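Student: Here it is, the structure, as structure tokens.
The values are calculated or read from the model by the stated rules, or taken from the named source; none is laboratory data. Remember, predicted model here, so these are calculated numbers, not experimental data. In this analysis, Cβ positions are derived from the backbone assuming ideal geometry, glycine residues included, and neighbour counts consider all displayed protein chains. Heavy atoms of the whole protein, side chains included, go into the accessibility calculation; ligands, DNA and RNA do not. Shrake-Rupley method; radii C 1.70, N 1.55, O 1.52, S 1.80 Å.
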Amino acid sequence: MIDHIAIPVSDYEKSRTFYKSALAPLDYKLIMEHGISGGGFGCDNKPDFWIQESSNIAPIHIALSSKDRATVDAFYKSALEAGGIDNGEPGVRSEYHPTYYGAFIKDPDGHNIEAVCHIPE
């Protein structure tokens, strides 16, 4: 089981602002900031998604679990409004499995951030 993950960002303040808005529908909040580790987002007072300023950016894909399809839709809308770039609008991705419902956004550094729900509608 993964305890936490950290992704590199080129502009900490810009990414912090983006993720505060984009992750709000998933009930993720900025829980902790640390001079060495950056900013930790999460639920239930557990920071498991960290952003950390770096000059070495290699875009990655992160999928965050959603409680339902409406929350995937809300993530997508919120992330676009926060400046994210569309990388796949909300919808069923039957190539993965029949109830895979996801939406994809590129963050300010090109990371592919996904919200996904596996529960049937």
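Student: Could you tally the net charge around Ser54, taking each other residue with its Cβ under 11 Å from the Cβ of Ser54, Lys/Arg +1 and Asp/Glu -1? Could the numbers behind the result be given before it?
Tutor: Numbers: positive: none; negative: Asp11, Glu53, Asp109.
Cβ neighbours under 11 Å give a net charge of -3.
Student: Helix 69-81 sits at what angle to the longest principal axis of the chain, using alpha carbons and giving 0 to 90 degrees rounded to 10?
Tutor: 50
Student: Could you list which residues have their amide H under 5 Å from that of Trp50, counting only those 5 or more apart in sequence or on another chain, with H placed in the peptide plane?
Tutor: So Trp50 has HN proximity to Ile5, Ala6, Ile7, Phe41.
Student: On the Cα set of the chain, report Rg and Dmax in Å, please.
Tutor: 13.8, 43
Student: Enumerate the amide H contacts of Asn87 below 5 Å, restricted to partners 5 or more residues apart or on another chain; note that Pro and chain-start residues carry no placed amide H.
Tutor: When sequence neighbours closer than 5 places are left aside, the close amide H contacts are Phe104, Ile105, Lys106.
Student: Counting only protein heavy atoms and using a 1.4 Å probe, what share of the accessible area of the chain belongs to carbon plus sulfur, as a whole percent? Please report the intermediate quantities before stating the final value.
Tutor: On the way: 3430 of 6620 Å².
After summing per-atom areas, the C and S share lands at 52 percent.
Student: To the nearest 10 degrees, how steeply does helix 12-22 sit against the main Cα axis of the chain, on a 0 to 90 scale?
Tutor: 30
Student: Could you check which residue among Pro59, Pro98, Pro25 shows the biggest mean-square fluctuation in a GNM of the chain with a 10 Å Cα cutoff?
Tutor: Highest fluctuation among the options: Pro98.
Student: Check which residues have an amide H placed less than 5 Å from Arg93's amide H, if you skip close sequence neighbours.
Tutor: Those lying under 5 Å, H to H, from Arg93 are Tyr100, Tyr101, Gly102.
Student: Can I ask one more? Please label the shape of segment 30-69 as rounded, prolate or oblate, based on the square roots a ≥ b ≥ c of the eigenvalues of the alpha-carbon gyration tensor (a/c under 1.5 means rounded; beyond that, a/b larger than b/c means prolate, else oblate). All intermediate terms of the calculation are to be shown ahead of the outcome.
Tutor: Numbers: a/c = 4.37, a/b = 1.27, b/c = 3.45.
Oblate is the answer for segment 30-69, as a/c is 1.5 or above yet b/c matches or exceeds a/b.
Student: With only Lys, Arg, Asp and Glu charged, each at its Cβ (+1 for the first two, -1 for the last two), find how big the charge dipole of segment 32-121 is about the Cα centre; round to the nearest 20 debye.
Tutor: Details: 6 positive and 14 negative charges, 29 e Å.
It comes to approximately 140 debye.
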